[in-house]
Amino acid sequence: MKNLLLAILVFTTSMLSAQSENRHEVTLRLKNGDMIEAMVQLNPSQPWSDQKSITVFDKSLVDQARIKRKQKKKYKASKVEYFEIGGRRWESHKVMMPEGEYGGTLKGVPTPTFLEKVEEGAISVFKGYSYPPGIISGGEISYEDIYEDIKNNPNYFVIKHAGKKPKVKYINNINIEKWIKDAPGVYEKFEAGEYGNFKRKKGKKLGNFLKGQIENENPDLIIGIIIEYNEEMK
């Protein structure tokens, strides 16, 4: 009995310690222009759970072991412009999050979603996560395996800050060749295949298009090109 109580105490203590470690100071900017300084407790083991809303509490409660529901305030992504934590920034954008390898929640229309900005410049890059399925069948795969796969394979979205109303796009759906044409140095290297991409051939529109579709399956390649593009466009 004593061992059981000790185990429960150790488990509870470790859980509360983990919660405290995941508490951060956060700055929110609401779409009505209001700025809010508060604390937030994220869930790094399931980052998709923080994409639709953010729940904050007063800084004076940071050392409190448990934060009561009435002490918290939830803001939906539709009401928030962005929030920042320790130099990292999440922005609210309407996107349709792709399903993961094992399925998951996918709505037929874009919905406001918090995306973390991972590259800033003439083209900004954001990342977000697919949602796990509500039910899994069979015993070959566990929720732990699915969660790990989702965390290790984020989805990337991009915005080119040109024109009056730039729109966020899923990185797999863009034509990176067209997006970088206004950066001569990067475009020349791209056409020559110097980024590990396929070399482009003049007059071969269909062939070049198909090459682009294959390249879009490699977000690291596209992001690397975008980083150099942003450097040239500074």
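The values are calculated or read from the model by the stated rules, or taken from the named source; none is laboratory data. Keep in mind that this is a model prediction, so the values were computed, not measured. A quick note on method: Cβ atoms are made from the backbone with ideal geometry, for glycine too, and the neighbour counts reach across all protein chains shown.
Things to note:
- Checking every residue in the stretch 57-66 against the condition of being within 17 Å of F114 (Cα to Cα) and modelled with pLDDT of 95 or more gives zero matches.
- Listing of helices (runs of 4 or more DSSP H) fully contained in the stretch 141-234 that carry 3 or more residues being under 26 Å from E99 (Cβ atoms): 143-152, 205-215, 219-233
- Complete set of residues in the stretch 157-202 that are crowded, with 18+ Cβ neighbours inside 10 Å, among the charged types (D, E, K, R) and closer than 15 Å to G224 by Cβ: E177
- Single residue of K160, K165 found to be under 24 Å from the mean Cα position of the chain (by Cα), in the same structural domain as L115 (by TED's automatic domain parsing), closer than 24 Å to T113 by Cα and modelled with pLDDT under 90: K165
- Residue list for the stretch 67-86, filter: modelled with pLDDT under 95 and within 13 Å of E25 (Cβ to Cβ): G86
- Any hit, the stretch 57-67, residues being closer than 24 Å to H93 by Cβ and aliphatic (A, V, I, L, M): no
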